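I have placed the structure first, in the form of structure tokens, so that the comments after it can refer back to it.
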2 protein chains.
Amino acid sequence: METISENRCFDGVQGVYRHASNTCNCDMTFGLFLPEEAKYARVPVLWYLSGLTCTHENAMTKAAAQVWAAEHGIALVFPDTSPRGDDVADDQGYDLGQGAGFYVNATEAPWSPHYQMYDYITSELTDWIGENFSVDMDRQGITGHSMGGHGALTIAMNEAGRFASVSAFAPICHPTASDWGRKQLVAYLGKDEAAWAKHDATLLMKERGFDGPILIDTGVDDQFGDLLGTEHLAAAIATRRQNAQLRLQSGYDHSYFFVSTFIEDHIAFHAQALYA
Amino acid sequence: METISENRCFDGVQGVYRHASNTCNCDMTFGLFLPEEAKYARVPVLWYLSGLTCTHENAMTKAAAQVWAAEHGIALVFPDTSPRGDDVADDQGYDLGQGAGFYVNATEAPWSPHYQMYDYITSELTDWIGENFSVDMDRQGITGHSMGGHGALTIAMNEAGRFASVSAFAPICHPTASDWGRKQLVAYLGKDEAAWAKHDATLLMKERGFDGPILIDTGVDDQFGDLLGTEHLAAAIATRRQNAQLRLQSGYDHSYFFVSTFIEDHIAFHAQALYA
């Protein structure tokens with residue numbers, strides 16, 4: 001593992017690290033914020049999965065998350081959103097290929113050799129961080145923004161029992177019925193839509209739900225609102241009577257200004273579950 | 001004036017605007033955060049002057065300042081650090097020319113036609129914002145980072161009576177005796193060092209001081225510590241018995257992770273003076 005940078009931040013450390021990933025078959029970079037408490041004991045951890053075009057860096061620098069993570073003594077993991085490198089397949093669109101892994105394990109050419117983001121996040125990076133840092137992998141929460149909100153919700157529901165809580169900012173809620181989803185799912189997983197179902201939060205909510213609390217914030221003025229499919233997940237949550245808060249926030253859009261406004265609430269929400 | 005973007009943020013608005021500057025003889029872009037209170041009454045304002053290589057955008061997205069400005073009902077102005085454009089003189093170094101205006105009025109070729117950042121900030125942009133936004137220019141504070149900390153301190157001391165309070169993050173404290181200063185001052189102002197004195201916080205502190213409180217944070221592990229000359233300003237503050245807090249923060253470096261850690265304190269410090 002290579003340390004790219006470590007900066008003191010709110011009495012903790014904001015680090016950036018690179019490691020050789022066997023799962024993605026390339027080097028992967030991630031950000032990790034460790035609060036001061038991690039010097040003395042393993043701390044609970046909140047995953048932050050980022051959206052289209054992002055690297056590990058965007059949320060780490062723009063979400064204003066560390067202030068609240070430090071207050072609650074929680075580590076933050078900022079993974080990349082895809083495999084990277086000259087040898088890694090890519091697409092000219094911003095919404096496919098590098099920067100747009102969609103948190104699935106690709107089965108189709110040319111993506112399958114590297115695009116294994118589901119396993120990378122849930123298995124390899126989880127193990128890596130648990131083994132190398134003062135983080136307690138028995139106390140995990142997960143959140144994310146846009147494509148990363150999709151990732152957080154689908155991973156939390158698929159990995160039953162692992163996450164105490166899940167939240168999301170402007171998540172893609174029903175990708176199997178959206179232009180933010182169908183293009184990527186057919187590319188990565190092929191035309192058989194049966195393989196897509198475990199990567200659709202609305203379908204997972206109908207089928208199984210989540211055994212913990214959910215918090216979702218989405219801006220009323222989100223410029224990508226039609227692509228998110230929030231109404232489908234809202235209906236599925238209400239039908240299931242899932243423990244969840246879905247908040248439509250007047251005037252807010254899809255930007256990090258929106259994320260930074262509500263991340264205090266999200267981290268407090270996860271802290272309540274992680275310290276329960 | 002052109003609105004580049006407006007994003008709702010902490011119940012206020014983070015805007016980016018472009019206007020034709022007569023002072024800098026080019027279009028200038030700035031960020032302005034208006035808290036919710038600005039909808040109902042003019043609000044006090046805190047200037048944030050940025051450091052070398054920055055535009056209006058860096059602090060606006062990375063300093064985590066809006067959360068505290070919203071809490072205290074204070075506007076934040078994020079000016080650019082220099083004139084910009086293909087017609088504007090530049091230098092290949094990161095520390096001279098575009099991105100490195102040093103908050104002076106250049107008198108020397110090729111800089112003088114555009115590099116009038118002192119007047120731009122203290123006169124034209126002040127008037128522009130006062131006329132176009134719900135900001136109370138009778139209640140101003142000023143802060144900045146690195147080169148911008150230099151700007152904040154020198155502007156506050158030169159414009160006696162204007163600012164209720166001044167603070168700085170890792171400011172360049174004694175540019176007339178630093179490689180972060182001499183190169184730029186000779187380029188912009190010429191070889192006569194008498195013209196440099198009003199742009200050196202240490203010399204201004206010896207000569208006149210500031211008629212309000214000062215707060216300065218600088219990291220003990222600042223990688224540019226030798227260039228800042230903090231010890232010179234510290235001595236001048238103590239000699240004058242200036243109302244000031246100078247805090248050397250263990251483990252912190254020169255980054256925005258450092259700024260974001262302490263900006264809560266700085267905004268609370270300014271709020272106390274602005275609402276006094």
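The values are calculated or read from the model by the stated rules, or taken from the named source; none is laboratory data. No experiment lies behind these values; they were computed from the predicted model shown. Counting neighbours? That spans all protein chains shown, and the Cβs are built from the backbone with ideal geometry, glycine included. Surface accessibility is based on the protein's heavy atoms, side chains included, excluding ligands, DNA and RNA. Shrake-Rupley method; radii C 1.70, N 1.55, O 1.52, S 1.80 Å.
Name the single residue, out of those in segment B:187-226 being touching a residue at least 60 places away in the same chain (Cβ under 8 Å) and more than 20 Å from B:Gln245 (Cα to Cα), that is nearest to the chain's Cα centre (by Cα).
Here is the first cut: in segment B:187-226, the residues touching a residue at least 60 places away in the same chain (Cβ under 8 Å) are B:187-190, B:195, B:199, B:212-214, B:216, B:224.
With the extra rule that they be more than 20 Å from B:Gln245 (Cα to Cα), the set shrinks to B:187-190, B:195, B:199, B:224.
On the way: B:Ala187: 20, B:Tyr188: 18, B:Leu189: 19, B:Gly190: 23, B:Ala195: 20, B:His199: 13, B:Phe224: 18 Å.
Only one residue fits best here, namely B:His199.
Tally up the residues in segment B:5-34 that are without any contact (Cβ under 8 Å) to a residue 12 or more places away in the chain and in contact with a strand residue (DSSP E or B) (Cβ under 7 Å, 6 or more places away or on another chain), please. Write out each step before concluding.
From segment B:5-34, those without any contact (Cβ under 8 Å) to a residue 12 or more places away in the chain are B:5-8, B:20; that's our starting set.
Filter once more, so that each one left must be in contact with a strand residue (DSSP E or B) (Cβ under 7 Å, 6 or more places away or on another chain): B:5-7, B:20.
Residues that pass the stated criteria total 4.
Just name the residue that is nearest to A:Gly130 (Cα to Cα) out of those in segment A:22-33 that are part of a strand (DSSP E or B) and open to solvent by 10 Å² or more (accessible area, probe 1.4 Å).
A:Thr29
Have a look at A:Asp211, A:Asp221 and point out the one that is more than 14 Å from chain B (Cβ to nearest Cβ), surrounded by fewer than 22 Cβ atoms within 10 Å (Cβ to Cβ) and either out of contact with any Asp or Glu (no Cβ under 8 Å at 6 or more places or on another chain) or among the charged types (D, E, K, R) (or both).
A:Asp211
Do any helices (runs of 4 or more DSSP H) entirely within segment A:200-256 hold 2 or more residues that are more than 17 Å from A:Phe169 (Cα to Cα), and if so, which?
Details: elements: A:201-207, A:225-228, A:230-240.
The qualifying helices (runs of 4 or more DSSP H) are A:201-207, A:230-240.
Being of a type outside the set (Val, Ile, Thr) and either within 14 Å of chain A (Cβ to nearest Cβ) or open to solvent by less than 20 Å² (accessible area, probe 1.4 Å) (or both) narrows it down to one of B:Gly85, B:Gly93, B:Gly99, so name that one. Steps first, please.
Numbers: B:Gly85 fails: either within 14 Å of chain A (Cβ to nearest Cβ) or open to solvent by less than 20 Å² (accessible area, probe 1.4 Å) (or both); B:Gly93 fails: either within 14 Å of chain A (Cβ to nearest Cβ) or open to solvent by less than 20 Å² (accessible area, probe 1.4 Å) (or both).
Exactly one residue qualifies, and that residue is B:Gly99.
Take the residues in segment A:249-276 that are closer than 19 Å to A:Gly51 by Cα and hydrophobic (A, V, I, L, M, F, W, C); name whichever of them is surrounded by the most Cβ atoms within 10 Å (Cβ to Cβ).
Top of the filtered list is A:Val259.
Looking at B:Gly151 and the list (1) within 21 Å of B:Ala201 (Cβ to Cβ); (2) not in a helix (DSSP H, G or I), which single condition is not satisfied?
Of everything listed in (1) within 21 Å of B:Ala201 (Cβ to Cβ); (2) not in a helix (DSSP H, G or I), B:Gly151 misses just condition (2).
Working carefully through the options B:Thr81, B:Thr61, B:Thr53, B:Thr107, find the one that is β-branched (Val, Ile, Thr) and farther than 24 Å from B:Ser260 by Cβ. Before the answer, list the steps.
Working: B:Thr81 fails: farther than 24 Å from B:Ser260 by Cβ; B:Thr61 fails: farther than 24 Å from B:Ser260 by Cβ; B:Thr53 fails: farther than 24 Å from B:Ser260 by Cβ.
Of B:Thr81, B:Thr61, B:Thr53, B:Thr107, the one residue that is β-branched (Val, Ile, Thr) and farther than 24 Å from B:Ser260 by Cβ is B:Thr107.
Return yes when A:Met147 is among the hydrophobic types (A, V, I, L, M, F, W, C) and within 19 Å of A:Asp226 (Cα to Cα) and no when it is not.
On the way: among the hydrophobic types (A, V, I, L, M, F, W, C): yes; within 19 Å of A:Asp226 (Cα to Cα): yes.
It is true that A:Met147 is among the hydrophobic types (A, V, I, L, M, F, W, C) and within 19 Å of A:Asp226 (Cα to Cα).
Given the criteria surrounded by fewer than 24 Cβ atoms within 10 Å (Cβ to Cβ), of a type in the set (Ser, Thr, Tyr) and in contact with a Lys or Arg (Cβ under 6 Å, 6 or more places away or on another chain), does A:Ser123 qualify?
On the way: surrounded by fewer than 24 Cβ atoms within 10 Å (Cβ to Cβ): yes; of a type in the set (Ser, Thr, Tyr): yes; in contact with a Lys or Arg (Cβ under 6 Å, 6 or more places away or on another chain): no.
Against the criterion (surrounded by fewer than 24 Cβ atoms within 10 Å (Cβ to Cβ), of a type in the set (Ser, Thr, Tyr) and in contact with a Lys or Arg (Cβ under 6 Å, 6 or more places away or on another chain)), A:Ser123 does not qualify.
Looking only at segment B:240-260, how many residues end up being on the phi < 0 side of the Ramachandran plot and free of Cβ contacts under 8 Å to residues at least 12 places away in the same chain? Write out each step before concluding.
First, pick out the residues of segment B:240-260 that are on the phi < 0 side of the Ramachandran plot: B:240, B:242-250, B:252-260.
Filter once more, keeping what is free of Cβ contacts under 8 Å to residues at least 12 places away in the same chain: B:255, B:257.
Looking only at that region, the number is 2.
Would you please name the residue that is farthest from the chain's Cα centre (by Cα), looking only at residues in segment B:251-276 that are small (Gly, Ala, Ser) and more than 8 Å from every other protein chain (Cβ to nearest Cβ)? Steps first, answer last, please.
We begin by selecting, within segment B:251-276, every residue small (Gly, Ala, Ser); these are B:251, B:255, B:260, B:268, B:271, B:273, B:276.
So of that shortlist, the ones also more than 8 Å from every other protein chain (Cβ to nearest Cβ) come out as B:268, B:271, B:273, B:276.
On the way: B:Ala268: 17, B:Ala271: 17, B:Ala273: 18, B:Ala276: 22 Å.
The extreme case among them is B:Ala276.
Can you tell me how many residues within segment B:36-59 are within 11 Å of chain A (Cβ to nearest Cβ) and open to solvent by less than 10 Å² (accessible area, probe 1.4 Å)?
Filtering segment B:36-59 for residues within 11 Å of chain A (Cβ to nearest Cβ) gives B:36, B:57-58.
If we keep only those that are open to solvent by less than 10 Å² (accessible area, probe 1.4 Å) as well, we get none.
Here the count works out to 0.
For segment A:23-54, what are the residues that are in contact with a Lys or Arg (Cβ under 9 Å, 6 or more places away or on another chain) and within 17 Å of A:Thr3 (Cβ to Cβ)? Spell out how you get there, then give the answer.
Step one: list which residues in segment A:23-54 are in contact with a Lys or Arg (Cβ under 9 Å, 6 or more places away or on another chain), which gives A:24, A:26-30, A:42-45.
A:Asp27, A:Met28, A:Thr29, A:Phe30 - these are the residues of segment A:23-54 that are in contact with a Lys or Arg (Cβ under 9 Å, 6 or more places away or on another chain) and within 17 Å of A:Thr3 (Cβ to Cβ).
Could you pull out the residue among B:Thr61, B:Thr3, B:Thr53 that is among the hydroxyl-bearing types (Ser, Thr, Tyr) and within 17 Å of B:Ile129 (Cβ to Cβ)?
Matching residue, one of B:Thr61, B:Thr3, B:Thr53: B:Thr3.
Can you give me the number of residues within segment B:127-146 that are within 15 Å of B:Tyr17 (Cα to Cα) and among the acidic types (Asp, Glu)?
2
Within segment A:127-162, which residues are open to solvent by less than 10 Å² (accessible area, probe 1.4 Å) and over 25 Å from A:Gly219 (Cα atoms)?
A:Ile129, A:Val135, A:Gln140
Could you please let me know if A:Gly229 is within 14 Å of chain B (Cβ to nearest Cβ) and either in contact (Cβ under 8 Å) with a residue 24 or more places away in the chain or open to solvent by 30 Å² or more (accessible area, probe 1.4 Å) (or both)? Lay out the reasoning, then the answer.
On the way: within 14 Å of chain B (Cβ to nearest Cβ): no; either in contact (Cβ under 8 Å) with a residue 24 or more places away in the chain or open to solvent by 30 Å² or more (accessible area, probe 1.4 Å) (or both): yes.
No: the conditions fail for A:Gly229.
Starting from segment B:63-77, keep only residues that are within 11 Å of chain A (Cβ to nearest Cβ) and at pLDDT 95 or above, then list their pairs with residues that are outside any helix (DSSP H, G or I) and open to solvent by 10 Å² or more (accessible area, probe 1.4 Å) whose Cβ atoms are within a distance under 7 Å, requiring at least 6 positions of separation or different chains.
Short answer, once both residue conditions are applied: B:Ala64/A:Ala64; B:Gln66/B:Phe10; B:Val67/A:Ala64; B:Val67/B:Phe10; B:Ala70/B:Phe10; B:Ala70/B:Asp11.
Is there any pair linking a residue in segment B:90-103 that is free of Cβ contacts under 8 Å to residues at least 12 places away in the same chain to one that is assigned to a loop (DSSP other than H, G, I, E, B), with Cβ under 6 Å and at least six apart or on different chains, and which?
B:Asp90/B:Gln98
Which members of segment B:163-202 meet the condition of being open to solvent by 30 Å² or more (accessible area, probe 1.4 Å) and either of a type in the set (Asp, Glu) or in contact with a Pro (Cβ under 9 Å, 6 or more places away or on another chain) (or both)? Steps first, answer last, please.
Narrowing segment B:163-202 to residues open to solvent by 30 Å² or more (accessible area, probe 1.4 Å): B:164, B:177, B:179, B:182-183, B:186, B:191-195, B:197-198.
Across segment B:163-202, the qualifying residues are B:Ala164, B:Asp179, B:Arg182, B:Asp192, B:Glu193.
Would you pick out the residues in segment B:1-35 that are more than 14 Å from chain A (Cβ to nearest Cβ) and under 16 Å from B:Ala65 (Cβ atoms)?
Selection gives B:Phe30 alone.
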